[in-house]
Amino acid sequence: MPDWLASVPGVREHEALAPISWYGIGGTARYFLELVDDGRLPELIRHLTHDAIPYLVIGASTNTLFAVDELPGLTIKMRNAELKLDNEQVIAGAGTLMPKLAAETARAGRAGLEFAAGVPGSVGGSIFGNAGAFGGEIKDSLQTVEVLDESGERHTLSADDCRFSYRDSAFKGQHQAWVILRATFRTGADSPQAVRGRLLEVQKHRRTTQPIEQRSLGSTFKNPPGDSAGRLIDAVGLKGMRIGGAEISRKHANFIVNVDGATADDVLALMAEMRDRVFQRFGIELEPEVRIIGRALGS
Ligand code: EPU
């Protein structure tokens, strides 16, 4: 690995990932950089690509399982969390947390982002995975996304350019080496009380149906068309099943909670069990919703 990477300001070596992951699971990152200001990023990405050094961009790590001993190359955690409200437009840095986006827009009487109160991730991660909750998806209110391509060139993409579908986007496919920098959302006008009321409903529903007081990655599998992964996993009787320190939540069967020092292997073993049991009983192949870094499910 070239010397220049170790001497980039802020770069740390052999950084433990568990403390920065909401799940508390992870190996280490060979090189690690937290970015509050993305000003230097175009040059850095250009340089990494030129030297064929792999890089991985992460957000709040609320939907990512680090199943690695050591991640190669540079791991970049986006913490650029600027938030600007300009009439109907809201501009948010990729590192802005979705619940903060919901709270700040509600305070200003801007409607349309209430669902973000139920998405415990960052704006960048939510665009990457077209996160959604309670009838809303990020694609519904997104106007434009500012990105860097692998050469460090800036582009402004429309929501159509992002090719959003259920929990999917171009950033998981053809643009997987691109970096999401910030996004502009369109909102409507409403009274702060009305917006806040809807936001509180989202939070209440989430508290009632999901194990939010425990560490999880949210929904483990995507819902198959017309059905619910939680219902299917529940129906095969897996609630409460435990492997090592990981447990299938007793509150919501599509959540795996880290109850006692779970490892990535514990989580992957439970995921394999959930997928296999649902397939045997219903013939439905569940597809992971969580982002697994390092190992594929079943390997
Ligand atoms: N159900 C069961 N047993 C369970 C869990 C659920 O029978 O253990 C049943 C419920 O009774 C309900 C149905 O399954 O009839 C659907 O459950 P729920 O309303 O909890 O929603 P979900 O489909 O499991 C989806 C999203 C969540 C989002 C909620 C609320 C997916 C995979 N999940 O969950 O998103 O918060 O709706 O809108 O699309 C996430 O993506 O990480 C996530 C948490």
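The values are calculated or read from the model by the stated rules, or taken from the named source; none is laboratory data. Note that the structure is a prediction, hence the values are computed from the model and not measured. Note: ideal-geometry Cβ built from the backbone for every residue, glycine included; neighbour counts use all protein chains shown. Remember, those area values only see protein heavy atoms, side chains included, never the ligands or the DNA or RNA. Shrake-Rupley method; radii C 1.70, N 1.55, O 1.52, S 1.80 Å.
A viscosity of 1.002 mPa s and a temperature of 20 °C, combined with the Kirkwood radius over Cα pairs in Stokes-Einstein, give a translational diffusion coefficient for segment 54-186 of 144 µm²/s.
Ordered by solvent-accessible area of protein heavy atoms (1.4 Å probe), largest first, the residues Met271, Met241 come out as Met241, Met271.
So what's segment 168-212 giving for Rg/Rh, alpha carbon basis, Kirkwood Rh from the mean inverse pair distance? Rg divided by Rh gives 1.18. Measuring max minus min along each principal axis, the C-alpha atoms of segment 121-277 give extents of 46, 44, 32 Å (largest first).
Normalised by the residues of segment 97-173, what does the relative contact order come to in percent, with Cα pairs under 8 Å and at least six apart?
Dividing the mean separation by the residue count of segment 97-173 yields 24 percent.
In the distance distribution for segment 127-182, Cα-Cα pairs more than 17 Å apart total 30 percent. Remark: for residue pairs Lys84/Lys204; Lys84/Lys139; Lys100/Lys222; Lys77/Lys100; Lys139/Lys239, the C-alpha separation exceeds 21 Å in Lys84/Lys204; Lys100/Lys222; Lys139/Lys239. Using DSSP to call loops (not H, G, I, E or B), can you name the GluC sites (Glu not before Pro) in segment 28-113 whose Cβ has at most 16 other Cβ atoms within 10 angstrom? Sites meeting the loop and neighbour criteria: Glu82, Glu88. When the GluC sites (Glu not before Pro) in segment 186-287 are filtered for DSSP coil states and for at most 13 other beta-carbon atoms within 10 Å of their beta-carbon, the remaining sites are Glu213, Glu285.
Taking segment 112-134 and a reference point 7 angstrom along Cα→Cβ of Gln203, the backbone N atoms nearer than 11 Å belong to 117-118. Counting only the Cα atoms, segment 97-150 fills a convex hull of 82 Å³ per residue. Would you please give the FRET efficiency between Asp69 and Phe279, computed as 1/(1 + (r/R0)^6) with r the Cβ-Cβ distance and R0 = 35 Å, to the nearest 0.05? That gives a FRET efficiency of 0.75. In this simple spin-label model, placing a label point 7 Å from the Cα along the Cα-to-Cβ direction at both Asp140 and Arg295 gives a separation of 3.8 nm.
What shape does segment 145-231 have by the C-alpha gyration tensor, where a ≥ b ≥ c are the square roots of the eigenvalues, rounded means a/c under 1.5, and otherwise prolate means a/b greater than b/c and oblate the rest?
Judged from the Cα gyration tensor, segment 145-231 comes out oblate (a/c at least 1.5, b/c at or above a/b).
By the combined test of axial Cα extent (at least 18 Å) and Kyte-Doolittle hydropathy (mean at least 1.0), none of the DSSP H helices of the chain qualifies. Across segment 179-288, the mean sequence separation of Cα contacts (distance under 8 Å, 6 or more residues apart), normalised by length, yields a relative contact order of 24 percent. Note: relative contact order over the chain, using C-alpha pairs below 8 Å and six or more positions apart, is 17 percent. When the square roots of the Cα gyration tensor eigenvalues are ordered a ≥ b ≥ c, the ratio a/c for the chain is 1.5 or more and a/b does not exceed b/c, which makes its shape oblate.
Calculate, for Glu88 and Asp227, the FRET efficiency according to 1/(1 + (r/R0)^6) with r their C-beta to C-beta distance and R0 45 Å; round to the nearest 0.05. Step by step, r from the Cβ atoms, then E = 0.80.
Shape class for segment 228-299: oblate, because the ratio a/c of the largest to smallest gyration tensor axis (alpha-carbon atoms, square roots of eigenvalues) is 1.5 or more and b/c is at least a/b. In segment 12-94, inverting the average of 1/r over every pair of distinct C-alpha atoms gives 13.9 Å as the Kirkwood radius.
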